[in-house]
1. Restricting to the stretch 184-223, name every residue that is more than 14 Å from the ligand (Cβ to nearest atom) and closer than 21 Å to THR97 by Cβ.
2. Every residue in the stretch 184-208 that is within 13 Å of the chain's Cα centre (by Cα) and among the hydrophobic types (A, V, I, L, M, F, W, C), please.
3. Among (1) touching a Ser or Thr at 6+ places or on another chain (Cβ under 6 Å); (2) under 23 Å from GLY171 (Cβ atoms); (3) within 15 Å of the ligand (Cβ to nearest atom), there is one condition ASP284 misses while meeting the rest; what is its number?
4. So which residues in the stretch 229-276 are over 24 Å from the mean Cα position of the chain (by Cα) and in a helix (DSSP H, G or I), if there are any at all?
5. Kindly establish whether ALA102 is open to solvent by 10 Å² or more (accessible area, probe 1.4 Å), in a helix (DSSP H, G or I) and away from the ligand (no atom under 13 Å from the Cβ).
6. Does any residue in the stretch 77-101 that is of a type in the set (Gly, Ala, Ser) come within less than 8 Å, Cβ to Cβ, of a residue that is buried (at least 23 other Cβ atoms within 10 Å of the Cβ) and part of a loop (DSSP other than H, G, I, E, B) six or more places away or on a different chain, and which pairs are these?
7. May I ask you to list the residues in the stretch 42-98 that are of a type in the set (Asp, Glu) and over 16 Å from LEU218 (Cα atoms)?
8. Looking at (1) within 16 Å of the ligand (Cβ to nearest atom); (2) without any contact (Cβ under 8 Å) to a residue 60 or more places away in the chain; (3) among the charged types (D, E, K, R), which is the one condition that is false for ARG33?
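The values are calculated or read from the model by the stated rules, or taken from the named source; none is laboratory data. Model, not experiment: these values are computed from the prediction. Note that we place each Cβ from the backbone using ideal geometry, even for glycine, and neighbour counts take in every protein chain shown. Heavy atoms of the whole protein, side chains included, go into the accessibility calculation; ligands, DNA and RNA do not. Shrake-Rupley method; radii C 1.70, N 1.55, O 1.52, S 1.80 Å.
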Amino acid sequence: MSRHQPKPASFESPVHVTRPMLPELDAYAEKLRSVWDARWLTNAGANHNTLEERLSHALEASHLSLFNNGTIALTSALKALDISGAVITTPFTFAATVHALAWIGITPVFADIDAATMTLDPRCIEPLITERTSAILGVHVYGIPCDVSGIQAIADRHQLRVIYDGAHAFGSRVGSRPICDFGDVTMLSFHATKLFHTAEGGALISRTSEMKRKIDLLKNFGIEDEATVVLPGINGKMNELQAALGLLTLDMVPRERMKRQRIISIYCSRLAELPGISCPVGADDPESSSFQYFPIRIDVEGAAKSRDLVHAQLKAFNVFTRRYFHPLCSACPCYANLPSAAPGQLPVAQRIAQEVLVLPLYGDLKDDDVHRICDIITYVLGSE
Ligand code: T4K
């Protein structure tokens, strides 16, 4: 029982961490009509090419290549840059980041993260560099930019490539610059759980037309023309059904961002005052935030309740938060034996992985729902 307030009512149906925005079904059917008429379903179709152009414009990215998902895109980026040996990355990310390395025989080397941004801490990168190191793979986790200048300075000193996993960073900015302006290549994910989505999908943004050309070859089996295969490529192509959906969801992005900004400001005003709870700095800033996720941190000492307990108790109210990204990738059995995965070497990541809780964030959430979620969190924190 709570010492502070009566027990709030549970939600009638489950509230998940996210819910994809969708256009009207009729509008999608209308878009598909041209696909049916043309009988052109994939392989650089008209919708694919239009979406690539529109996204390049929206993201201020001159060299953007669409993909069928973010994981294949990231793997292709590593191939395009001829990355080999060992790559320094963060343990605090979705498994796909590290799997992209392992999948093509690269050794992941885990560096600790910064306590404020939860992204790679440049101070932890340099001591891990050896003659096998060929690149740094940073993750703009939750859309929060890495220390891009700190990372680039290290890369320049040691002639390393920089790749960014920007799966969560659609629309993030660093000062006046779009997030994709940094590093050699940036990956974006357009999975259904992302603000802008194509059900499954992704993109690579590179710095030169030569690199885009190589990436475009790689995602189409390395085929240059009917008779010439120049690279050992893969099938990374986005199809017309995905691209047609993307053309419609792209139009919905500005409104969805406004709704999410409002939800985040309610969360911040209601939750930041609770003992032991902290909200990410700048999460509601439309100039820099991707509005992709809303992670709070629950400090067990201050809150007198662990994140795991809060996460479990919220389920009883039909609120399904997520502990992204717990467990750390370095704790996964496939990586736990790596020397850099030793928990003692990743103290900040260890702590943060015990503290983060990602709250529901999607435009369909009404203000009342957000207040109810805050009431439930307040109740749970105050309960015995
Ligand atoms: N790098 C990073 C840092 C990433 O976070 C990701 C993907 C990648 C790389 C790889 O990009 P992709 O290859 O996926 O493009 C989800 C997503 O599947 C995954 O894309 C995402 N990151 C990750 C953070 O979240 P799960 O296993 O948590 O998804 P799931 O099915 O539990 O969905 C989460 C919630 O979303 C559900 O509880 C309900 C809601 N949902 C989900 C789907 C799929 C819906 O309402 N409708 C839906 O269609 O991985």
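1. Selection gives ASP184, ILE205, SER206, ARG207, MET211, ILE215, LEU218.
2. MET187, LEU188, PHE190, ALA192, LEU195, PHE196, ALA203
3. (3)
4. Result: SER269, ARG270.
5. So ALA102 passes the test.
6. Going by the 8 Å Cβ cut-off, the qualifying pairs are ALA96/ALA167.
7. If the condition is that a residue be of a type in the set (Asp, Glu) and over 16 Å from LEU218 (Cα atoms), then GLU52, GLU53, GLU60 are the ones that fit.
8. Of the numbered conditions (1) within 16 Å of the ligand (Cβ to nearest atom); (2) without any contact (Cβ under 8 Å) to a residue 60 or more places away in the chain; (3) among the charged types (D, E, K, R), the odd one out for ARG33 is (1).
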